[in-house]
Structures are given as structure tokens and as C-alpha cells.
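The values are calculated or read from the model by the stated rules, or taken from the named source; none is laboratory data. Please read all numbers here as calculations on a predicted model, not as lab measurements. Glycine gets a Cβ as well: all are built from the backbone with ideal geometry, and neighbour counts include every protein chain shown. When the accessible area is computed, the model is the full protein with side chains, heavy atoms only, and any ligands, DNA or RNA have been set aside. Shrake-Rupley method; radii C 1.70, N 1.55, O 1.52, S 1.80 Å.
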Amino acid sequence: MAVVPKFVGERIKRREDPRLITGTGQYVDDVRLPGMLTALVLRSPYAHAKINSIKLDAAQKVPGVVAVLCGDDLKDKVGSVPCVAPAEHVPYHPVLAQGKVRFVGEGVAVAVASDAYIAQDALDQIEVDYDPLEAVTDPEQALEAGAPILHDEFKTNSVTLASVPNPAVDEAMNKADKVIRFRIHNQRLAPVPMEPRGVVARWEPGYKQLTIWSSTQIPHLMRSQVADMLKLGENKIHVIAPEVGGGFGAKLNVYAEEALISHLAITLKRPVKWIERRRENLSGTTHGRDQIVYLEIAANKDGEVLALKGRFICDMGAYLQLLTPAIPGFSGLMMTGCYKIPALAFDQQMVFTNKMATDAYRGAGRPEAAFIAERTMEAVASEFNLDPADVRRKNFIAKASFPAPTAGGLVYDSGDYELTLNKALDQIDYNKTRAEQAAAAKEGRYIGIGIASYVEICGIGPSALLPPKLKGGGWESCTVRIEPDGKVTVLTGVSPHGQGQETTFAQIVADELGIDIDDVTVVHGDTALVPYGIGTFGSRGTTVGGPALMMSVGKLQAKMKRIASTMMEVPPEQLEFRNRTIAMASDASKSIALQTVIEAAYGYKTVIEGVEPGLDATSFYEPSACTFPFGTHVAVVEVDSQTGQVKFLRYVAVDDCGKVISPLLVEGQIQGGIAQGIAQALYEEVKYDEGGQLLSATLMDYAVPKANMLPHYELLSTVTPSPVNSLGVKGVGEAGTIGATPCAYNAVLDALKRLGIRDLDMPLKPETIWRAIRDAKKA
Amino acid sequence: MFPASFEYHRVSSVKDALALLSQFGDEAKILAGGHSLLPMMKLRLAQPAHLVDIGAVHELAQIQEQGGRILIGGLATHHSVETSSIVKAKLPILAECAALIGDIQVRNRGTIGGSLAHADPAADYPAAALALEAEMTLENPGGKRKVKAADFFLDLLTTAVQAGEILTQVSFAALGAGTGGVYLKHRHPASGFATVGVAAVVTLKGTNFDKVRVGITGLGAKAFRASSVEKALAGKASDAIAAAASHAADGVDATSDTYASGEFRAELARVYTRRALEQAVARVKA
């Protein structure tokens, strides 16, 4: 038999892809059950309105319609959509509106029919009598006296005010050479997973058993919350997250439909399917960002930043989804970025508005933080006429300082920020590019070089960091089972939906056991198979799920070594796994076939004292700390001064996510991340008008970038292993997004610097740039 | 997402299609590539009781050259126009225009007749059709009639196609020697439609303009010929382009939307007109 190769660190193609590319994967919409009905939800066309009455009878009479319900029918039957994050005001959030609607797209009624066409016919027959109310969509206006109040019981639109004061900040402001002040708006974005949300629910009356197929990132956490909403035992609910076509944080949530469709399946005693439409996805799936910050920077002429102070206004939307008010905290804590800024103070005012709730979106608070930190560096460079790369070098946390405590109270695990900056600048040939920029300027052209060095927080994390009401901590679970024939099944508590742990985890197991990658199958996303797990979000899949896997593999290795030790009469500590054998480390010729040991474990003909039969191990890994991936991105752009269009000339990314298990997958994550990061800088914007109408409700309006709108990426890396976990990994799911937004933004602003343009709102649309240039030239 | 119910008719000739149109009147709609009609039906903004699918009328998909004219059937997809060797050789600007429409899926299904008859104010083809002085053939139960591009686009989503008529063919004169054309667009980042699109076709006599035709789409409710630009260039040399292009948006009520204001669109029309004319001249000279 051929020698088994090593897999970790190799450029292995994703093992998930063949079935996805050939259309043989199973998404929620592929679930087809006998007798299954289709549900469609009627949604509010108003941002804010009183519901006087809802007439359902005409809809109920449409042939083929099985049920039509509205919010009042569900009172006391289905509980509130949960928010587990602490806040002063957490409103009741019905699965269908009761008495009032508070954003465009809020569910008002549901029709269940034999197919979607008939269900739509039924929705067309529902008459809702609304009394439109004044709406408020600007979070600053929502705080003003006399603003329309969303939730009357609170008498205010303030959700909560979180303050992290620090008197040292005011001292620094007094003694600094200069205090620079400006406002930043990280605009509202839509996550836009390629697969929208979807739910299928089946109730088996004889067994009193509910099965929910949902496109979710958190099957177990969702099960716990839906059990609460429906007052069912968790052991009576089986949740399956089949193929999930992207989540980006938007499926790190518990939605009205998960409970509503389950309730319908239980009461109608028939399976019910609901598949979200794109318009619903853009209006009724959580949005991201939407944070305003009034920033104050205390800095000295040499570029040293002494303190940062931020007053945040964070738009929560109309209701609070699972973690809505918890997201901005990361923006505050991480806003000092890669820099040894000694003093930080911030407060965050969370606000209700007549819009969809915000929540996690790729980066979840850290992109906003990195944007603040990197705008800070550029502002200081501009103010004192310094090179932006030098300002970063001046302020970087030094390599020797790790583990590095920060002004935000975090401890960064490991890093070498200047290394990534130098590598990126070398790749771009910084001095030569600056010279080309100057030469182009003489020809009237506008070339800009943008730099962003970022650090982010991943591997969340120690359970104390997660809200108590989540019913799950920051740990992760994994079962590894070696089957009697030697094949290995991995059952992980993480719930990958594009991250590729079916590949990564198989690479790790194959190497650890000395077997082929094709002998390993990774199972996830099924609460009946997998031990309780926390799920996939915050770049935690491999960072937290990986060590759990290692623990279980380690338990099985120890057990098999004990069995082999008895059979070979060699002490277990002298044995290692090699090429489908357990062999003596010092003498490879003394070995026993792995399969022989496996058969001994299952056959159990020889009882070994203290060794149970079988080969199955479950572990729960609680991380001791978070990890902090980092990197530097550099972009070169040219701005067309006549049309305001931005063209990328170069894009270099140097990312450090610790040890790399699967280089191809890491590159894929970075590429997709950069695309979404550039999208925030240049293209995407969820836009509501003053009356709360959603103006970006279709993909004809909401500008998800296509390949031709993105640059060619030059991807480089450095490797600084994390000391936090046994794999040395840090997480890479969000890094690209976090680095790319400030990088692209800074590049465009650098191109416009000679016109005195210092500050523009994102996205940097051609018209925004064109107006700024025109106004600057007029002045 | 889910159209109201309708009856589906698949025909194999224009004659049969016209017969169904006259039978069902306002209740019927022609289905070609479906790229304008189906989205409206899915939103139930259009609820035709009868859909007459002309997809199997294969002769309508042909592209041919006859007597110095290029004849493109109404059912020719954007992709077939983009890749047609006849179009590429004789009307390169039209192939380039087709290549800039939507994305590959749209180009594989969408048709030239459907696009022109729908007359979306931001569609690409109308600008090229105007600048190339295309001629549309409309068929009705009584026979055929021909309408010049300049008389075809009447208003927002409104053309010279009458109820009961089908746009069966678009005819273009092949570009002759001394003539060059360019289509430039500012692509809407989400929809791919033309925020502004400018087609410029110029004929030079020596170093001066003999004939200039400029079609502009996206700027207002309908695509139009920028006659003030054309007039300003008559008989002039190419150094007159900048001044002439400044008239590109004259007299047009420019559209504003969340992506681009009317003021910006008008500026884009001027800039793209200038660039399209300059590039068209360069092509003739090359």
C-alpha cells in the first residue's frame, strides 16, 4: 500500500465543492416531504403604522389554501423573537406584528397553501387597514425630543447607553499638540448570502417530535431558543442545517420564521416550507454596521497618538435580534487597532429606528473599529504632513510586547504588525509607487495609495465573553469516531457554511492518525447526530472547533496506543501513528497495522484493564483566550476626475492568521472577505428614505460587486502562531473584510488629497467623488 | 416571485402569434427572452392572462446580410449579436454594445426585439439603434410596416409598437469606409443597466466630420438622438468635439435615482459623449 502523504499545510481542494458545483448538495429548498405545504408571509409596506384591522376571510377561501393567520392569532402561542444580549430596553418582538408595524418588511400575516402560487393568491386577498404613523430612520433624529417613539412602553428610542469612561483620555487631549475631530459613518449593509433564509418544519404527532431544517449558522443555539418560544422540550426538537449557502453573520440568529413555520407544522400536522425571497432577504434579514462615531484623536506632531475618544450612535433598527446590542461593543474595544495608543474612552448610544434590526455581519464590530483606527492614522499623517506608513510604524505595538494588553482592556495574543506592513510595501514597491503617483499628478491624474493595517478579535472565546442568556458559552464540541472498518467520522459542533471544515478537519485527522483524507468524513449541522455545539461565527470554526477536534483525536490516540502497547509489548509513549500503523518512534519496522488495533478495540476479545470497548471520543474545548489575526493591505487606485470612477491598479494583502492548515481555503476566505470589504468602501449601502421606505430592496438597486468591479489580488502572508490553542491558528473568515474597507477608502482619499479632500461618506460612489472634486476645484 | 396564473401558448410562426394577439387583445403578451416581462409578472405588476411564447419561431433569431444591410431577427439574443461574425465585421459597435448588456445569463436569454420593444430608459440597445439609424420591422395581421429608430422611442417604456404588433426584425446599414462607432456606458453597479450610455457613429471626410450620429440612453425617460451635438459638429474638425459634447444633455429632463442625480447624469452624458466621439474618430483614423 502506498505511503500516506501529509495533508496539513497542503493546497487541498475543498472536498465540499464537487457536490455543490454539480447541484447534488441539499439546501433547505431541496427538502421535499410528502404532504408538504408552502407558506408565504405578507409584509408591511409601511415603516410605522397602527394596524386597525386585518381581514383574512377572503384569503382563507382561496381554493388550495390551508390556513391564513395574523399576529393576533399567535398571541400566547409563540413567544417573542429572542435577544440574548443585555440592553436596558428589550421590546417584545412578535413573530407576526401585533397592533403595530415598525419597519418595512415586518411580517403581518402568513398564508399556507398547497403551493407558492396559491399562497401568493391568498396574500393578495388579505386586507390590512393601516393608520400610517410618522417614521424615524435617522438614529440621531430618533433621539431628539418629539421624535416618533417606536415602542411606547419605553417612552424613548434609546435602547441602552454603554459607557467606557477614562479620565486619562481628557488629560491626553489637554497635553497633545493637536486634537483632531471628525465624524465617521459605517453605513448600513446587507449581508446578501447567495442562499436566502429558509425553513422546513415537520411535526410527527405520534412521536411528538419536531424536525426543523433551517439555513442557519447555529443549529443548537437556535434549537434552544425555538424550544423556549414554542414551549417544547429541547429533546423533542431536531434541527438540521443542511447545505447553507452563505451566512456572513446574518444566519447567526433566531428568526420569527423558525418558530412561526414550526408552529404551523405542529398545528396543521403537515410539513410546511418557507423559502425567503430576495426582497424579503434585503428587507427582513438582519443588516450590518450602521454606526456613527464622533471621533476625537489626541496626537503629537511626530505622529504619536496619545488617546482616542469616540461617541457612538448605533442604529439597532426596530427590534432587537439575537445579539443586536452586543455588536457595537467590539467597535469600541478594538478601535485602537494595532497601535499602542495608551488611553481610550467611548460611549455607545444604541437607538431604535423604523428599520430592520442590525446584527452581526462579517466582522461584526471589528470592521468599524479597523476603519476608525486606520482613518486615525491617515488623519494624523495629513495633519502633520507625515507619511502614513511612518505614522503606523510610530504607533505599532512592538513585536516584543506580546502578549500585549490594550487600552480597551484586551490582551492581544501574538503579532508582528510591522512585518506585514513592510512586506506589503515591498510588494507594492512603495517608494517607486509614490514617485509614479507624483509623476501622474503632474499630468493631472489622480492616483492614490491606501494602507490599512488591521488586527481583529477571533476565536470567541472564553465563555464569560458571551451573554448569559445565550444558553451556550464560547466553547466548542467534537466527537471523533473510528468505525470498525477504520473509516473515521468527525461530528463537530461548528456549523460551517462555506468555511470548509469538511476539508480542514479531515486534513488534521488524516495526519494525526496516519491515514488518507478520503477515510475521514466530517458531519455537522444536525442536532440529532452532533453533540451540543455553539456553531460557526466570528472566525471560530477552526480556532475553537479545531482544538476540540484535537482533544478527541488525542483521546483516541491514547486509547489505541494502550491497545497497541499491550499487543506489541512496547510502552505506549514510544509509539506513534505512521502510515496506517502504530509504530515505534525509534524503529519503524516494529509496528502494528492500525486496522488490527481498531479490530481489537471493537472485537474486545482481549480485555485490557481500564480500556473500554469501541473507539469514540467526545470533547468540549473551552478557550482560555481570544486570538488576534492581523495584516496589512495596500491598494493603488486611479480616480477618473471627470466621472468619479475608481479603478484599482494594484491590491496587495498580507494576512497573518497564525498557522495555516489549508492554504487554498485561507486564500478563498481572504478573497471573499476583500470583496465584501471593498464593497463597503465603494459600492454597497442599505438605503431607507426619510419615511422609512427601503430603496435598496432588490439586487437591481443594492450593489453587490461583480468580479469585474474587483481588483486582481496579490495575496501574501506571514505566520505568527497563536499561543492560545494547540493548532496555533487564529481564524481568517473576517480578516479580508476588515482590512479591505479602510484600505480601499484610504486609497481613494489619498488620490484626492492634493485637492484638500479629507473626508467623504461611504460608499465612495462616483457621484460622491465627482461632487467632492468639483467643489474642491471651485473653492 | 410567483406570477398569477396564465395560459401559455407556444407558437411556431409569426402568423400564429399575431392570430393569438388579435384573439386575446390586451389579455395577451408576447414572451421572447422573458427578461423584462417575467420579472414584472413575478412581482405581479404584469398579470397577462395569455402568454404567447415566440421562442420556437426560429427564423426570427437569424442574423443575415442582404444588400448592404444587416438584418437581425427580433429573437436574436444579445449573445448571438455579440458573437455574430457578420455583426462584428460590419457593425462592430453593435457587437460591443451587446457585450455590455447585463451579464452572461442575461445575454444568453434576452433578445434585441424584446429589449427595443420594452424600451427601458436605461437599456443599452436603444442608444446604438438610434446612432446606427436602425429600422424596425413591425408585423401585424394586416402586413408589415417599417419604423425608423428616430420615430420608434416615444416615451418611458413606450414605443411605436401598436397593440397586436410584433417587432420581428431590426435592420442596419453596414458601416462604410470612413465611418467608425463607439458605445460607452457608465454601468449601474447593481443592475448593470446604463446609468448613461452613449453611442457615437461618425463619418469623416478628410479630417472633418461628414456625418455625426449620437444616441444617448439612461439620461431621461427615453433614449434620444443628441441633435444639438450632431449639429455643432457638422463639417467641423475633431477639435470641436469638446464644445459640441457640452450640449449632450441639452433639453433633457434628466432622471434622478438613489445612485445618480440628474445633475450627475447630465455631466456623465457630456463626458461620455466627448469620449465616445473622440474614440470613434480615432477608430476611423486607425
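With a cut-off of 16 Å, note down the residues of region A:432-456 whose backbone N falls inside the zone around a label point 7 Å from the Cα of A:L760 toward its beta carbon.
A:445-451
How many nm separate the modelled label positions at B:A19 and A:K432, each set 7 Å beyond the Cα in the direction of the Cβ?
Label-label distance for B:A19 and A:K432, simple model: 7.3 nm.
Please name which of B:A190, B:G206, B:S246 has its Cα lying farthest along the dipole of region B:179-285 towards the positive end, using unit charges on Cβ (Lys, Arg +1; Asp, Glu -1) and the Cα centre as origin.
Farthest towards the positive end: B:G206.
State the extension gain, in nm to one decimal, for the chain segment bounded by B:R10 and B:Q66, taking 0.36 nm per residue of separation less the distance between their alpha-carbons.
So the chain would gain 17.2 nm between B:R10 and B:Q66.
Straight-line reach from B:K144: which lysines have a Cα under 20 Å away, not including same-chain ones fewer than 8 places off?
Within the straight-line cut-off, B:K144 pairs with B:K15, B:K29.
Give the residue list of GluC sites (Glu not before Pro) in region A:674-779 that are DSSP loop and have at most 14 other beta-carbon atoms within 10 angstrom. Before the final figure, lay out each step's value.
On the way: sites: A:E684, A:E685, A:E690, A:E714, A:E734, A:E767; in loops: A:E684, A:E685, A:E690, A:E734.
Loop-located and lightly packed - A:E690.
Separation of region B:252-268 and region A:321-361 by C-alpha centroid, Å?
About 36 Å separates the Cα centre of region B:252-268 from the one of region A:321-361.
Where the centre of each part is set by its Cα atoms, how far does region A:170-201 sit from region A:708-779, in angstrom?
If we compute the Cα centre of each part, the gap is 14 Å.
For the cross-link pairs A:K340/A:K659; A:K208/A:K487; A:K251/A:K355; A:K155/A:K178; A:K355/B:K42; A:K13/A:K340, which exceed 30 Å when the distance is taken from alpha carbon to alpha carbon?
A:K208/A:K487; A:K155/A:K178; A:K13/A:K340
May I ask you to list the lysines whose Cα is less than 24 Å away from that of A:K442, ignoring any residue fewer than eight positions away on the same chain?
Partners found: A:K432, A:K647, A:K753, A:K777, A:K778.
Calculated from DSSP H runs of 4 or more alone, at -39500 (n - 2.57) each and per residue, what is the 222 nm mean residue ellipticity of the protein assembly as shown, nearest 500?
Mean residue ellipticity at 222 nm (helix-derived): -9000 deg cm²/dmol.
Any chance you could check the Cα centroid distance between region A:49-95 and region A:221-276 for me, in angstrom?
Between the Cα centres of region A:49-95 and region A:221-276 lies a distance of 16 Å.
Would chain A count as rounded, prolate or oblate if I go by the C-alpha gyration tensor, calling it rounded below 1.5 in a/c and otherwise prolate when a/b exceeds b/c, oblate otherwise?
oblate
Nearest 20 debye, what's the magnitude of the dipole of region B:58-173 about its Cα centre given +1 on Lys and Arg Cβ and -1 on Asp and Glu Cβ? Provide the component values of the computation, followed by the final result.
Details: 9 positive and 13 negative charges, 53 e Å.
Result for region B:58-173 is approximately 260 debye, rounded to the nearest 20.
Would you be so kind as to identify which of B:V52, B:A32, B:V11 lies farthest towards the positive end of the dipole of region B:7-53, taking Lys and Arg as +1 and Asp and Glu as -1 on Cβ and the Cα centre as origin?
The one lying farthest along the dipole's positive direction is B:A32.
Identify all lysines with a Cα-Cα distance to A:K55 below 22 Å; exclude those on the same chain that are fewer than 8 residues away in sequence.
Qualifying lysines at Cα under 22 Å: A:K75, A:K77, A:K100.
For region A:57-65, just list the computed ³J(HN,Hα) in residue order, Karplus coefficients 6.51, -1.76 and 1.60, θ = phi - 60°, integers in Hz, with x standing in for Gly and Pro.
Per residue, the Karplus-derived 3J(HN,Hα) values read 4, 5, 5, 5, 8, 4, x, x, 7 Hz.
Using a 1.4 angstrom probe on the protein heavy atoms only, line up A:M194, A:M762 by accessible area, largest first.
A:M194, A:M762
To the nearest 20 debye, what is the magnitude of the charge dipole of chain A about its Cα centre, counting +1 on the Cβ of each Lys and Arg and -1 on the Cβ of each Asp and Glu?
So the dipole magnitude of chain A works out to roughly 380 debye.
Work out the length of the dipole vector of chain B about its Cα centre, built from +1 on the beta-carbon of each Lys and Arg and -1 on the beta-carbon of each Asp and Glu, and round it to the nearest 20 debye.
Here chain B has a charge dipole of around 680 debye.
Once you list every other residue whose beta carbon is under 12 Å from the beta carbon of B:L167, what net charge do they have if Lys and Arg are +1 and Asp and Glu are -1?
So the surrounding residues net to 0.
Expressed as a whole percentage, what fraction of the accessible surface of region A:121-241 belongs to carbon and sulfur atoms when a 1.4 Å probe is rolled over the protein heavy atoms?
Taking all protein chains in place, region A:121-241 shows 48 percent carbon and sulfur surface.
Against the longest principal axis of chain B, how steep is helix B:262-285, in degrees 0 to 90 to the nearest 10, with axes from Cα atoms?
Result, in degrees: 70.
B:L233: net charge of surrounding residues, Cβ under 15 Å, Lys/Arg +1, Asp/Glu -1, itself excluded?
+4
How large are Rg and Dmax for region A:350-497 when calculated on the C-alpha trace, in angstrom?
Over region A:350-497's Cα set, Rg and Dmax evaluate to 22.3, 74 Å.
From the phi of every residue in region A:317-331, what ³J(HN,Hα) in whole Hz does the Karplus formula 6.51 cos²θ - 1.76 cosθ + 1.60 yield, where θ is phi - 60° and glycine or proline is x?
x, 7, 10, 9, 7, 3, 10, 2, x, 8, 5, x, x, 4, 5
Name the long-range amide H neighbours of B:V196: under 5 Å, sequence gap of 5 or more, or other chain; modelled H, no Pro or chain starts.
Close amide H contacts, sequence-distant or interchain: B:H186.
Hand me the GluC sites (Glu not before Pro) from region A:141-225 located in a DSSP loop with no more than 16 other Cβ atoms within 10 Å, in residue order please.
Filter output for region A:141-225: A:E144.
Indicate the gyration tensor shape class of region B:88-127 (rounded, prolate or oblate), computed on the Cα atoms with a ≥ b ≥ c the square roots of the eigenvalues: a/c under 1.5 is rounded; otherwise a/b larger than b/c is prolate and the rest oblate.
It comes out oblate by the Cα gyration axes.
Can you pull out the trypsin sites (Lys or Arg not before Pro) in region A:37-76 that DSSP calls coil and that have at most 11 other Cβ atoms within 10 Å?
Sparse-neighbourhood loop trypsin sites (Lys or Arg not before Pro): A:K61, A:K75.
Which of B:L219, B:A266, B:L233 sits closest to the plus end of the dipole of chain B, meaning its Cα is farthest towards the positive end, when Lys and Arg get +1 and Asp and Glu get -1 on the C-beta?
B:L233
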